[in-house]
Each structure stands twice: as structure tokens, then as C-alpha cells.
1. Tell me the net charge near Pro190. Cut-off is 10 Å between Cβ atoms, Pro190 excluded, with +1 for each Lys or Arg and -1 for each Asp or Glu.
2. What is the order of Met271, Met33, fewest Cβ neighbours within 10 Å to most?
3. Which whole-number percent of Cα pairs in the stretch 35-172 have a distance greater than 21 Å?
4. Express the relative contact order of the chain as a whole percentage, based on alpha carbon pairs under 8 Å and six or more residues apart in sequence.
5. I'd like the orientation of helix 207-218 relative to the chain: the angle between its Cα long axis and the longest Cα principal axis, in ° from 0 to 90, rounded to 10.
6. From the P(r) of the chain, can you give the percent of Cα pairs sitting at distances over 25 Å?
7. Measure nothing but the geometry: give the 0 to 90° angle between the long axis through the Cα atoms of 299-311 and the longest principal axis through the Cα atoms of the chain, rounded to 10°.
8. Over the Cα atoms of the stretch 176-224, compute the convex hull volume and normalise it per residue, giving Å³.
Amino acid sequence: MTKQTLTIGCYRYDTTSALFDGGVEVDDAEIVMRTTPTLPEIFERAVRKDEFDFAELGLTFYLRLLEDGLPYIALPIFPNRVFRHSCVFVNAHSGITHPADLTGRTIGEFGTYGQDSGVWAKGILMDEYGFEPAANRWVVGGLEYPSAPFDFIPHPHPSSVEVAPAPLDSTLNAMLDAGEIDALFSANVPQCALDGSPNVNRLFPDFEPLERDYHRRTGIFPIMHTIVVRRGLLETRPELVHKVYDAFCRAKTEAAERYRRNRRLYQVQTMVPWMNALIERNEAQFGPDAWPYGIAANRTTLDTYLRYHHEQGLSPSRPRIEDVFAPQFFDSDPVSRG
């Protein structure tokens, strides 16, 4: 029997590398992995060209398109998770040293108002510090290269929130460094910060203890992206889609086990000092699986994100988890093996 060829568009993470390398395969299918230099390129190719059978898609990109007949539906696979206290950068001369100082400021955001990282950062600041996005002016543009806001997704935001595109010849990185914006909510570290510019600080310079405490209190490890599948494929070959889900789980398991094995060698393959201590601290905090898949293990995190999406005016009504993910993955709730 000829195997069905399935194309998967996603980024190469530790947790997906076994899929790219062929170490994890799918019975009855020939897997073709595709990636791009930047994640928005994967999103755009999935949305505009309907190019993949399975694709990585940012949660807010997916939610904004759900009502427009998107030919994909989400699976509870979450390849990209990042804590977000660390993603708020401020101009050092702006006088911003505490979240309360953000009020009335001009803040930059990459690509769209309410990118996945921005939804989490705003939501956490709203819950923990009383932050009000409507009290600020928002500028949307390219981070390191001049770019207009993404044109392959809608751009909803409340009428009370002032949002404008960045000047066409400007980048958010340069605007932050020059003080043309007071702050930046960014999924990526801007180059000016990487270069050690004296003009740029993080809002929370010592972010790791804050993020670890946030996780201990809430149980939330913020989810940025999900994997989506063609609706037609799920309808006609549900057993094959479950096999792909299992393959993502096995690839993630291989990454976790590789870290465990390399404790014997002090994670010497990375040559990062004290990496072993970090791996041990993380396992003590997260347990054996820091990146669980499935609905049950992520219900609190997902429900929090969906609440934030609605509270920030990006969804007209508060989405329910049951309306967002493939129903075939609720009854038995596939086990994420770590």
C-alpha cells in the first residue's frame, strides 16, 4: 500500500528535531517537514497558500481566522512556550522602572496589536499589576526590518485602544533605542538589547525569579503556538491524524530523554556553563514533562489565554476550549508522554 505523503510546516525546536531528522516516523505516512527562517513565514504560507497538511500557527493568528472559514483546526500540540515577564523592553531614559510607569506611554509591538507574546505580556501585567492597555498608544511594525503590519490576518482591537503603524522606513528596534517609543513588547530580543545599548533595559531585569514564582503560583507555562491540521484530513483519516499527534509526542519525549541522559555528561554537548544545574532546577519545578501536550494538562493555561484574548478585544466573545480544538481530541484526551 502506498503511503500517504503529509507535509508539516513548523519550526525546528528540540522537541520537533526528531521529526526533521527522521528519528520519529508515522506509520502509513511519508512525512515531509518544511520550515522557514522566521515563524510568521510559516503562518503566512499556511493561511495564504493553504500549503501544509499540518502547520504551526500562533494562537492569536488562529483565533482571528476561525470565523473566516480557515481550512485548519487546532490539535493540542504546543511546540512553542515562553515565559513573558522577560519580553517587555523599555527605553532607559523614559523613566519606566515599574509596570505602573507604562501608563500613558507609546509602546511598540511586532506585526500586529496582540501578537501571542503580547497577549500574554499584557494579560499578565493586567492580572498582576493592574495594567490597562487602553491607557497607552501602540505602534505596530517590523522589529529589525521596516515592515507594515501583517496583511494576512485581521487586526481587531477595541476602539478605545489607539493603534497605528510605524513609519514605513522605521524599525521598532531603532525606535526603542532612540526613544521614539517608550517600550516594546517583543517575542524576540531586539538587537539593541543584544548589543548592550545603554538606552535599553528590560522592565523586569531579574525576570527569572518572577517567572518561576508566577509558574509556581498559577501552574501556567505560557503557550504561544499550536499545530493545526486540515479539516478534510481529520474528517477522512482521523486515525492518521492521531498517529501524527503521537509522533509529535514521541519527538518531544526524545528531546526530554536526551536532556536526562546528558546529565551524566554535565550537558557537555552544549558547552554552556552550569547547564546541568539549570536542567535539574527545571525538572524539580516542572516534573518530568515541562512541555505537556493534550487538553487536560493545559486547560488552565489555555483558558487563561482565551480569557486574555477576549479581555484585550481580540475576540468578540470569549472563546471556549471546546470551540478551538478538534473534538476528536477531547473524549479520550491523548496522553502526552514526557
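1. Working: positive: none; negative: Glu144, Asp177, Asp195.
Local charge sum for Pro190: -3.
2. Working: Met271 7, Met33 17.
Ranking Met271, Met33 by Cβ neighbours within 10 Å, fewest first, gives Met271, Met33.
3. Here the long-distance tail beyond 21 Å is 47 percent of all Cα pairs in the stretch 35-172.
4. 24
5. 60
6. Values: 30781 of 56953 pairs.
Of the Cα pairs, 54 percent sit more than 25 Å apart.
7. Roughly 40 degrees, rounded to the nearest 10.
8. Numbers: hull volume 4.4 nm³, N = 49.
Cα-based convex hull of the stretch 176-224, divided per residue, equals 90 Å³.
We did not get these values from a lab; they are worked out from the coordinates using the rules stated. A quick note: this is a predicted structure, and the numbers were derived from the prediction, not measured. Quick reminder, even Gly has a Cβ in these numbers, built from the backbone with ideal geometry, and neighbours come from all protein chains shown.
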